[in-house]
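Written out below as structure tokens is the structure these notes cover.
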Amino acid sequence: MKPCIALTKGRLEKQFLDFFASLSFDIDPLVNKGRKLRVETDDFQFIFAKGPDVTTYVEHGIADLGIVGGDILAEFQPDVYDLFPLPFGQCHMAVATEAGKVWPDQKKKIASKYTGITKEFFRNKGESVEIIKLEGSVELAPILGLADGIVDIVETGTTLKENGLVVQEEFLYFSARCIANRSSLKIKRKQLAPIIEALQQEGALR
Amino acid sequence: MFLPAGSQDQIGQKLDNQAKVNQIFRKVVRNRNFKAIETPVIEYANTFTNEHVGMELRTMLKWFNREGEIEVLRPDWTTAIARALVKQHPAQLKWFYQGSVFRNDKDGTESRQAGIEIIRTDVFLGELESLFTAVTYLKALNSDDYLIELGHTGIFEALLETLELADSEEETLRQAMYDKRKDLVYQIASKTGQEKIAEQLTTLINAYGGKEILTEYRELWSNQPQLVEILDHLNKLIDAMEALGVENVIVDLGKVKELPYYSGTMFRGYLQQNGQTCFSGGCYDKLYEQFNENISAVGLAFDVDVLAESMNATEQKERICILATEETHVQAEQLREDFEDKIVDIQYQLPDNHHYDRIIPVEDATKEKAVDK
């Protein structure tokens, strides 16, 4: 059976395909896939899923390898080999508030999609906060008074700026990463070695 | 009614397979002079969470007892057995167990295991006996499509020692190594200024594959006798297995211990068809140090659920229906002996959508029997 690679749909997908093409892999079937979520090429089988689901498919061995954001790995901590970073999808986490916001005296309320990362960050600081889980458009929360601040992923900072939020603190720097199922890496070593080698650029580790 | 996440009912074929997996295991290990042991399902949490064992409380199913102490459902056999064996007569060296372990961080809360423990035995003898038992058992299950992986805690630990990291950083590095996370391993190790060790650890991540890896690293580490000794030890195990006809052995020199009590060789068996781990184990002399005992210990545990799932459907026996009436029921019951080793059902009326291979009215069978006589 061909090795199965799970790709994160959306933003990372395009960046991965550009990168994959730059390594002289044929990406035509992947670009012209229409709405198909499963595409077979001459050498691989690709599946397209949301980031957290990519980790699930890899953890359960449905996919042998996965391309996923480091933020997703930090948040969900799947039981997979977290092999190496890829040269795209750079971003970082940030605490942001409305400009001029004065933190309240009592426990802060922080809205975030990344409740695990948020909890860990404030725990390491030794500060208790109330975390409110949101699914998206987290920037709304401080503006509408749901929370005092947010913890979110920042790429360019444009969304924050346009919504009148300013970064108070940056932490955890991520990029896209290549992950592998713990058994597949061993059992399908010969089949996976060429693609792992190709994806992994010397020097990217340093 | 709804079941809690992770709990499930077991039905039919799955149970038959489990029973068969357990039954064959018992036969194989009894023939190799292992003695049965069973520890209770409920123990104190501290047995598993103390510094010598180091399992995490959050992964256990637990509650407070009336005295306010935390009790748990057995999360691990090896630790419980070590506790029990310290009190046993030292002459018995080989033990086996069968039963469930409970964890709340896995897909299923309950998983069934069957395993062996060998104590107070020469390390090589114990390791080889464990591996040969695994090979014999898998053969008895007609499961020949597997891979055995060997690793050794000593390699990473030796390199780690030279880095002189703080405890918390050591743990982060060990986790990064466990995750084969190259960039982080390099980052942590190189921070100490020991570029060479950082390089070595990073390369070690890729040191998995066939026996040739051992030869390659033997050359690479030729001036590190401590590491060469480990490689030779693993090589000896592989040679012995090959001599027995077991070819499918791989190594992962970058493997790190998953629990603090592991020390020495580590084993893992993978089923090739689905990549699932069918057994794992290794050496854990350190486990007995908590009882101030200097005892060598080695063992491995099979995952009964994985093995049962991988078994082919058990051979189907012929299903026979004897059609009887209230009056002829006893007669029908007496006919059972003529159909030894077949599935025989007595019915008064043939059910709709039945799955019988043969339907015999009681009168016909009785007549036949009379003619035979």
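Residues being within 14 Å of another protein chain (Cβ to nearest Cβ), outside any strand (DSSP E or B) and under 21 Å from B:Ile238 (Cβ atoms): count how many of those fall in segment B:256-297.
2
Just checking, does segment B:256-271 include any residue being of a type in the set (Val, Ile, Thr), out of contact with any Gly (no Cβ under 7 Å at 6 or more places or on another chain) and not assigned by TED's automatic domain parsing to the domain that holds B:Thr49? Scanning segment B:256-271, I find at least one residue that is of a type in the set (Val, Ile, Thr), out of contact with any Gly (no Cβ under 7 Å at 6 or more places or on another chain) and not assigned by TED's automatic domain parsing to the domain that holds B:Thr49, so the answer is yes. B:Gln175 meets each of the listed conditions (1) away from every other protein chain (no Cβ under 14 Å); (2) assigned to a helix (DSSP H, G or I) apart from (1).
Within segment A:58-69, the set of residues being facing another protein chain (nearest Cβ under 10 Å) and touching a strand residue (DSSP E or B) at 6+ places or on another chain (Cβ under 6 Å) comprises just one member, A:Asp64.
Looking only at residues of segment B:183-240 that are β-branched (Val, Ile, Thr) and within 13 Å of another protein chain (Cβ to nearest Cβ), we find that the one that is surrounded by the most Cβ atoms within 10 Å (Cβ to Cβ) is B:Val185. Take the conditions (1) in contact (Cβ under 8 Å) with a residue 24 or more places away in the chain; (2) on the phi < 0 side of the Ramachandran plot; B:Phe339 misses just one of them, which is (1).
Which of the numbered conditions does B:Thr325 fail, given that it passes all the others? Conditions: (1) within 35 Å of the chain's Cα centre (by Cα); (2) of a type outside the set (D, E, K, R); (3) in a loop (DSSP other than H, G, I, E, B). Going through (1) within 35 Å of the chain's Cα centre (by Cα); (2) of a type outside the set (D, E, K, R); (3) in a loop (DSSP other than H, G, I, E, B) one by one, B:Thr325 breaks only (1).
Would you check if A:Phe76 is free of Cβ contacts under 8 Å to residues at least 60 places away in the same chain and aromatic (Phe, Trp, Tyr)? The answer is yes for A:Phe76. The sole residue among B:Ala114, B:Ala140, B:Ala134, B:Ala158 that is among the small types (Gly, Ala, Ser) and over 20 Å from the mean Cα position of the chain (by Cα) is B:Ala158.
Here A:Leu160, A:Leu199, A:Leu165 are screened, and the one residue that is under 30 Å from B:Gly210 (Cα atoms) and either touching a residue at least 24 places away in the same chain (Cβ under 8 Å) or within 14 Å of chain B (Cβ to nearest Cβ) (or both) is A:Leu199. Selection of segment A:119-129 for residues being in contact with a Lys or Arg (Cβ under 7 Å, 6 or more places away or on another chain) and either assigned to a helix (DSSP H, G or I) or among the polar types (S, T, N, Q) (or both) yields only A:Ser128. Candidates A:Pro142, A:Pro104: the one that is touching a Ser or Thr at 6+ places or on another chain (Cβ under 8 Å) and over 26 Å from A:Ser175 (Cβ atoms) is A:Pro142. B:Glu161 meets all of the listed conditions (1) away from chain A (no Cβ under 13 Å); (2) more than 22 Å from B:Met55 (Cα to Cα); (3) in contact (Cβ under 8 Å) with a residue 24 or more places away in the chain but one, namely (3).
Considering segment B:183-196, and only residues there that are modelled with pLDDT of 90 or more and of a type in the set (Val, Ile, Thr), the residue that is farthest from B:Tyr217 (Cα to Cα) turns out to be B:Ile188.
Yes/no per residue for (1) part of a helix (DSSP H, G or I); (2) at pLDDT 90 or above; (3) among the aliphatic types (A, V, I, L, M); (4) out of contact with any strand residue (DSSP E or B) (no Cβ under 7 Å at 6 or more places or on another chain):
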position: B:Leu300; (1), (2), (3), (4): no, yes, yes, no
position: B:Ile320; (1), (2), (3), (4): no, yes, yes, no
position: B:Val330; (1), (2), (3), (4): yes, yes, yes, yes
position: B:Val344; (1), (2), (3), (4): no, yes, yes, no
position: B:Ala365; (1), (2), (3), (4): yes, no, yes, no
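For segment B:63-92, filtering for residues that are in contact with a strand residue (DSSP E or B) (Cβ under 8 Å, 6 or more places away or on another chain), surrounded by fewer than 20 Cβ atoms within 10 Å (Cβ to Cβ) and of a type outside the set (D, E, K, R) leaves 6.
Looking at segment A:19-73, the strands (runs of 3 or more DSSP E) lying wholly inside it that each contain 1 or more residues that are modelled with pLDDT of 95 or more sit at A:45-49, A:65-69.
The values are calculated or read from the model by the stated rules, or taken from the named source; none is laboratory data. Source: prediction; values computed, not measured. Every residue, glycine among them, receives a Cβ derived from its backbone with ideal geometry; neighbour counts consider all protein chains shown.
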